[in-house]
1. Which condition breaks for Lys80 when tested against (1) exposed (fewer than 15 other Cβ atoms within 10 Å of the Cβ); (2) under 19 Å from the mean Cα position of the chain (by Cα); (3) of a type in the set (Lys, Arg)?
2. Looking at (1) more than 13 Å from the ligand (Cβ to nearest atom); (2) among the small types (Gly, Ala, Ser); (3) surrounded by 13 or more Cβ atoms within 10 Å (Cβ to Cβ), find the lone condition where Ser92 falls short.
3. Given the residues Leu46, Leu12, Leu64, Leu33, which is the only one that is under 15 Å from Leu108 (Cβ atoms) and free of Cβ contacts under 8 Å to residues at least 12 places away in the same chain?
4. Which count do you get for residues in the range 1-45 that are assigned to a loop (DSSP other than H, G, I, E, B) and of a type in the set (A, V, I, L, M)?
5. Say we look at the range 59-76 and pick out the residues that are surrounded by fewer than 19 Cβ atoms within 10 Å (Cβ to Cβ) and over 18 Å from Ser112 (Cβ atoms); which of these is farthest from the ligand (Cβ to nearest atom)?
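Coordinate-derived values only; no laboratory data. No experiment lies behind these values; they were computed from the predicted model shown. Every residue, glycine among them, receives a Cβ derived from its backbone with ideal geometry; neighbour counts consider all protein chains shown.
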Amino acid sequence: MHEVDMTKCLVLSMNEWRQQHDPDVPSVTRVNLQVGQFTCVEPKQLELTWRVAISNSWLEGAELSIEEIPLVARCICCHKTYSPAVDNAYKSPCCEHPMEDIVAGRELRIKSVDFSFTPEPSTLPA
Ligand SMILES: [Zn+2]
């Protein structure tokens, strides 16, 4: 399932991000995501798989905030950008050219992370 794979990627990215802060473990409250329309990710479904994936992990309780990025393509005939529509088979309205150059709408990225540090007693200076 699509969203499950996406969630795995997200958790991997978050684990890498966490390593930058070693040995402290950031307490994450929110992960702000940008998800392109053309990734075909269902935000509700992604939130659900995310919650399951992070339960009993260091990320437990972190919420997903999903910002959807609209699909934008560039016509390779006249280089105009346009918003592809499903009912037009994603063709460019200017030249009726099939969609080839996608400018935006395929991203799945972590825009920012809301977090704080709750230092463990062992990490406090002696
Ligand atoms: Zn065109």
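1. (2)
2. With (1) more than 13 Å from the ligand (Cβ to nearest atom); (2) among the small types (Gly, Ala, Ser); (3) surrounded by 13 or more Cβ atoms within 10 Å (Cβ to Cβ) applied to Ser92, the lone miss is (1).
3. Values: Leu46 fails: free of Cβ contacts under 8 Å to residues at least 12 places away in the same chain; Leu64 fails: free of Cβ contacts under 8 Å to residues at least 12 places away in the same chain; Leu33 fails: free of Cβ contacts under 8 Å to residues at least 12 places away in the same chain.
Result of the check over Leu46, Leu12, Leu64, Leu33: Leu12.
4. Of all residues in the range 1-45, those assigned to a loop (DSSP other than H, G, I, E, B) come to 1, 20-25, 40-42.
Then keep just the ones that are of a type in the set (A, V, I, L, M); that gives 1, 25, 41.
Total satisfying the criteria: 3.
5. Glu60
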